[in-house]
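S.K.: Before we start, here is the structure in question, set down as structure tokens.
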Amino acid sequence: MGSRAHRVSLGDAWSGRVHPDIESERRWPAFDVERLTNLLDGGAQNTALRRKVETLVRDDPAFNLIHTHFMTQDEHFQAATQRLFLIQKLAKRMDWPDDSLEFQYIYRALSGDISLGVHSVAMNAIKSLGSEEQIAKWVPLCKTYQIIVSYAQTEMGHGTYLQGLETEATYDAATQEFVIHSPTMTATKWWPGDLGQAATHALVMAQLTCSGARWGMHAFMVPIRSLQDHTPLPGITVGDIGPKMGIEITDNGFLRLDHVRVPRENMLSRFTQVSPDGTYVRHGIAQVNYLPMVVTRVYMLRNIVLYGLQKACVIATRYSVIRRQSRIRPSDPEAKILDYQTQQQKLIFPLAMGYAFHFQVASIMDFFHRSYDAIRNKDMSLLPELHALTTGSKAMMTEFGAHGVELCRRACGGHGYSKLSGMPSLATYLLASCTYEGENTVLYLQVARFLVKNCRQAWEASDPASRKSLPQSVSYLTAARVDKCPAQTEAHFLHPELYMQAWAHVAARLLESSVHHLQMLVQAGADEHEAWNQTSVLLLQAAKAHCYYITVKNFKEALEKLEHGEPAVHRVLKRLCDLFALHGILADLGSFLYDGFLSAPQVNMLRTTYLDLLLQIRKDAILLTDAFDFTDQCLNSALGCYDGNVYERLFQWAQMSPNNNSQTQEKPAYTKYIRPLMQSRGSKL
Amino acid sequence: MNPDLRRERAAATFNPELITNLLDGSPEKTQRRREIENKILSDPDFQHEDYNFLTRSERYDVAIKKSAVMVKKMREFGIADPDEIMWFKKLHLVNFVEPVGLNYSMFIPTLVNQGTTAQQEKWLHSSNGLEIIGTYAQTEMGHGTHLRGLETTATYDPKTQEFIMNSPTVTSIKWWPGGLGKTSNHAIVLAQLFTQGKCYGLHAFVVPIREMGTHKPLPGITVGDIGPKFGYEEMDNGYLKMDNYRIPRENMLMKYAQVKPDGTYVKPVSNKLTYGTMVFVRSYLVGEAARSLSKACTIAIRYSAVRHQSEIKPGEPEPQVLDFQTQQYKLFPILATAYAFQFVGKYMKDTYYRINESIGQGDLSELPELHALTAGLKAFTTWTANTGIEECRLACGGHGYSHCSGIPNIYVTFTPACTFEGENTVMMLQTARFLMKSYDQVQSGKLACGLVSYLNDLPSQRIQPQQVAAWPTVVDINDPDSLTEVYKLRAARLIDIAAKNLHTEMSCRKSKEVAWNLTSVDLVRATEAHCHYVVVKLFADKLQKIQDKAVHSVLRNLFLLYSLYGISQKAGDFLQGNIMTGSQITQVNQHILELLTAIRPNAVALVDAFDFKDMTLGSVLGRYDGNVYENLFEWAKKSPLNKTQVHESYHKYLKPLKSNL
């Protein structure tokens, strides 16, 4: 069990012995956990490499994360910056190549608690939108931290709707410069990470005006702080936007630009150029400026949303076999709370999501790698589908992920409210993800627009040949469908074909009824835009059903590849896939009963199957969370450690609270207020 | 004032003041509340720095300081009535989180309810005067809602006539009690009583924990703060470990049970009375759910009227976010829920006081139903509000995540209500137990009464899956009575199903308890349906009593939205049970969209009617005057990180970063 020693990394007094209540859960594994871990890592060699990296940071006190629970915003930022510094030194010493897996693994090992995350977003944006000369000029400077770049898009008054951005970039042909300016208060750049304290440059997204015309949003490299003493440059007002719900390691900032001039070469010009005389030239489509956001979303889905959700599952599930509460039978000892059906109902769906989203991310990554280079080489044919796929996944994974983490947090009872559980921090990361990188409702509606377009195209196409040209993710719109679910027994609901049909049916029906609703309103005299707004609640539902369908489909297809090579792993994962699909149906039952697709007796069967699955997955729950293979260091939770010694650790960690540390600490409030309070009232009454 | 908000307010079809009076109880109460609030707002002694910019330790400090001025000021202002104290504290404390709060809300009431006259004489005076600062230590590290599982022991030693208080294990350490960490010098400790070699279950003991005068922990006592939390930063939630710590026999609260000097245990006459405090706190939490949700949607709706974003039609100016159907769909059902819960909260409070009076006269007959109802409604309303607050935050987009929005604070302050005072799932199952008992009672021929009396109609309405026409099919989706009826049918049906599943599980081989566990998901679902029905019914009842036509009409729309939205969300239950047909569900969904349009012009006035002061909201986005952006910038400038132009981390880490590589 080399891997056990690996996971237990806190090196405290209890790590030596495993709590019997969690040990018993691991005693008779129904499948080989290590093989599942390898599968998730993408091969045994990756698992080995990851563990090697994790060992590097395990014993260094500078990488101990426990203290982060007690830090102020300022201390968080400093500690995260220090970790970045140490990692860079380590990487240099170990000679890790750029963008290597080692970097990905060290970020994971340290729970992403490292500053300057947006610096790499900006660097990716330069790579996506910059010309070869610009890339050659700026990227090496970024990599060696000669400059630190923030990606400054969102404004105080404008977020997801990029056409509404107010920051101006006006070309002055006389000096061959752009004049970058914030014309109003609402135009102030607001929220960009790394901007508040760290950045020397900002990649500012601004509305370009040249030759007397407006050309929409473009990206400009703007120096904002002195490279000598880091003070703001003339015309620049920059600072921190104040305390937030979480993500304290990031110095989200504001930026006001007062007619700041940058040379013509500072506009990123892979796809668009302004020539010295002010002539505007574009290659490709305007939407290509969204490419950096697509890239960011892909990485954030894995590093923040997927890992965050999985970690919450690990913590809540482990705690639920240690925590005992009440008795099921009066004669029994108090039961593990995971043995309560209601607790299983809370925790097993997030666990199923943790796996479903793993395969979802894998499939997006795959599509992304296939299309990204083509797009950079100005072949735009895959951009719409890549955009729809990442947009929909972002909305669904963040919405469900945030909900799942909060469920896990509350499933830990009162202790889930303590920061020492690690849950509040996970929750605040996931909650933030629902609005940044595109507000979810807006994103779902973008997916809906893609769907409506394809649906209409499918209807209009008379010959089967052009129907076939629908993008792969929406091909189900034209596939043959059944109108009634054929299930006759409870076991039928365990057939992936059957629940796939159910989801395809509902997704297509919701989409068709939205399209009809749109048409109806237009025929009744509403203009197209008003009709869209008046149909948006329906469209939202259709987009959500589509996203769910896609996720189930990816999960199912990933499992098919395992069926023969890994039968034992396949068996446990299939239960999760079944549960994921059926949970979604039960949560939105109305849509499935509405047109009689499911009958009332079928729903009863489905529910029985679902409750049965809870019980079966319960048996493997600990091993399924172990397989994610997060180290204790990275979980940073008193409740979720591998060895299950929850209470000892909770007590020990609480002692570190600054309020407990010094004897003098308790004096100020006592002497300043409590004692006078006691004396004054005692004497008066 | 922001022109958008001015326009919204001018366009309202009703007078918000009338609703404010309705929520307060009367115009006089509204007036008195405002009088008190204005005194606080104009008093320089109450000014302090924004909590958001303080560290945890500084916030604790401010909170203690507030408690210190508070009693003096309340006396000065002549505030003594319980409602008035509540108004005062809610504005003054903002989060209503007060380290010495448990002295008044738990320590003293427990002393009064469970202490003998002699005990009250001994401790009451000093605890009222805060010479004794008490707290209430029940929850342990390893044990929460299930009280019988508590491990702390109190063993009687007849030789010295003392109790030996002990925390035998790590899991038995008292954990979470508010004010325990740093503030209190006494605690009422719940412990398993052992005397003459026998365990008599949980009893309450007054335990001195800190030395008077020096405030140092007494020998044998280990006490401290449990560390940082999601919220409640002003509160020193604490731990307490007792190491064979001795207290005199007289420190056991002995109004009911007693231990004689020789160690003989005398049983209490009735233990139902201890329910009282629990019922009170839970019904109070229903009101808190309403308040917190109302605050969050005040912020989100005002901000959505000020915020302009995107386009509906190309070329036109960016519309108010509130004009998007999806935004209305997010926020208006929450607004309707906030109103529904306001009325339920009021009902719970009144019922508690009414029943408490009969209890005082020895009539305990209504207590079981009240106990069951508060447990379920506490869970139902806190869960719903928890989700609703988070949705309001999301509806504010990115700015919702900043503390400037005030919603993160509302969320983290409110969310523990789902787990404290009884974990919600456990609460739901307590109510389920009552529902199952009533169900069995009806089955055996006895009538159920009160809010569950609809179960009496069950045998005649036995669900027959084949018989499609079993339910009355005439549903008028514009009629409050008809909507109440369909919710009743849904509850009846789900209770019936849960009961039958429970009996099936029991009959096939399993013990009663195992069967209960294997039915618990169904039982929770049934209880939710029951609670949902109760909320719809209470809202409908309230609606009937409203005289003013304009107010009635606007609240009627909210009622309809609340009920129809619930049907739409739970359409599966209504369809599967043949309570409604597919085409009726389509009508419901269509009518919801119409209601959104109908409510839209009154949305801002409806949140104004909650009449929250800006200080209570603590939100830049939700300001009454709507001047959001200027103030957002001003607020950010106060951030501690902006104190210097160049942050020290630049010199420490960033600069070396580039030279090192």
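Derivation of every value follows stated rules applied to the coordinates shown; laboratory data play no part. Worth saying up front: this structure is predicted, and the values here are computed from it rather than measured. We place every Cβ from the backbone using ideal geometry, glycine too, and count neighbours over all the protein chains shown.
S.K.: Quick one: 3J(HN,Hα) in Hz for region B:126-142, Karplus 6.51/-1.76/1.60 with θ = phi - 60°, rounded, Gly and Pro as x.
M.R.: Using θ = phi - 60°, the values come out as 5, 7, 5, x, 6, 6, 8, 10, x, 9, 10, 10, 10, 4, 10, 4, x Hz.
S.K.: Find the lysine pairs in region A:89-241 meeting two conditions, Cα atoms under 17 Å apart and a separation of 8 or more places or different chains, and report how many there are.
M.R.: Taking region A:89-241 as the scope, the lysine pair count is 4.
S.K.: Past 25 Å, Cα to Cα, is the threshold; run A:K346/A:K556; B:K349/B:K488; B:K613/B:K643; B:K378/B:K512 against it and keep the listed order.
M.R.: With Cα atoms farther than 25 Å apart: B:K613/B:K643; B:K378/B:K512.
S.K.: Taking the highest mean first, how do the peptides B:140-150, B:549-559, A:347-357, B:409-419 order by number of other beta carbon atoms within 10 angstrom per residue?
M.R.: Most protected by this proxy first, the peptides run A:347-357, B:409-419, B:140-150, B:549-559.
S.K.: Also, quick follow-up: Please go through the residue pairs A:K244/B:K229; A:K336/A:K394; A:K394/A:K574; B:K90/B:K241; A:K378/B:K658; B:K346/B:K549 and name each one whose alpha carbons sit more than 26 Å apart in this structure.
M.R.: Numbers: A:K244/B:K229 15 Å; A:K336/A:K394 35 Å; A:K394/A:K574 24 Å; B:K90/B:K241 33 Å; A:K378/B:K658 34 Å; B:K346/B:K549 22 Å.
The pairs that break the limit, which is 26 Å between Cα atoms, are A:K336/A:K394; B:K90/B:K241; A:K378/B:K658.
S.K.: Determine which aspartates and glutamates satisfy two conditions relative to B:K122: a Cα distance under 20 Å, and not lying fewer than 8 residues away in the same chain.
M.R.: B:E131, B:E162, B:E211, B:E250
S.K.: Name the shape class, rounded, prolate or oblate, that the alpha-carbon gyration tensor gives for chain A, where a ≥ b ≥ c are the square roots of its eigenvalues, rounded holds for a/c under 1.5, and otherwise prolate holds if a/b is larger than b/c and oblate otherwise. Walk me through the numbers on the way to the answer.
M.R.: Numbers: a/c = 1.68, a/b = 1.08, b/c = 1.54.
It comes out oblate by the Cα gyration axes.
S.K.: Here is a follow-up. Count, for each residue of A:70-83, the Cβ atoms from other chains sitting within 10 Å of its Cβ, then give me the mean as a whole number. Walk me through the intermediate numbers first.
M.R.: Numbers: counts 3, 2, 7, 5, 8, 2, 0, 4, 5, 2, 2, 7, 3, 1.
The per-residue average across the peptide is 4.
S.K.: Helix-only estimate, please: 222 nm mean residue ellipticity of chain B, summing -39500 (n - 2.57) across DSSP H runs of length 4 or more and dividing by its residues, to the nearest 500.
M.R.: Numbers: 22 runs with 343 residues, N = 661.
Taken over chain B, the calculation gives -17000 deg cm²/dmol.
S.K.: With θ set to phi - 60°, apply the Karplus curve 6.51 cos²θ - 1.76 cosθ + 1.60 along region A:387-402 and write out the HN-Hα couplings as whole Hz, x wherever there is a Gly or Pro.
M.R.: Each residue of region A:387-402 in turn: 5, 5, 5, 6, 4, x, 5, 4, 4, 5, 5, 6, 5, 5, x, 4 Hz.
S.K.: Another one. Would you mind checking which residues have amide H under 5 Å from A:L233's amide H? H placed 1.01 Å from N; only 5 or more apart, or other chain.
M.R.: Result for A:L233 returns A:R225, A:S226.
S.K.: Sticking with this structure for a sec: Which ³J(HN,Hα) values, rounded to whole Hz and listed in residue order, are derived for region A:606-614 from phi using the Karplus coefficients 6.51, -1.76 and 1.60 in 6.51 cos²θ - 1.76 cosθ + 1.60 with θ = phi - 60°, glycine and proline given as x?
M.R.: These are the phi-based 3J(HN,Hα) values: 4, 5, 4, 4, 4, 5, 5, 4, 3 Hz.
S.K.: What's the exposure ranking of B:D496, B:D476, going from fewest to most Cβ atoms within 10 Å?
M.R.: B:D476, B:D496
S.K.: Greater than 32 Å separation of Cα atoms is the criterion. Which listed pairs, A:K419/A:K672; A:K311/B:K510; B:K174/B:K198, meet it?
M.R.: The pairs that break the limit, which is 32 Å between Cα atoms, are A:K311/B:K510.
S.K.: I need the Kirkwood Rh of region A:23-118: take the reciprocal of the average 1/r across all distinct C-alpha pairs and report it in angstrom.
M.R.: The Cα-based Kirkwood calculation yields 15.2 Å.
S.K.: Kindly put A:V204, B:V524, B:V97 in sequence by how many other C-beta atoms sit within 10 Å of each C-beta, fewest to most.
M.R.: Ordered from fewest to most neighbouring Cβ atoms within 10 Å, A:V204, B:V524, B:V97 come out as B:V97, B:V524, A:V204.
S.K.: Skipping prolines and chain starts, which residues have an amide H placed within reach, meaning under 5 Å, of the one on A:R261, given they are 5 or more residues away or on another chain?
M.R.: Sorted by chain and number, the residues that satisfy this are A:I180.
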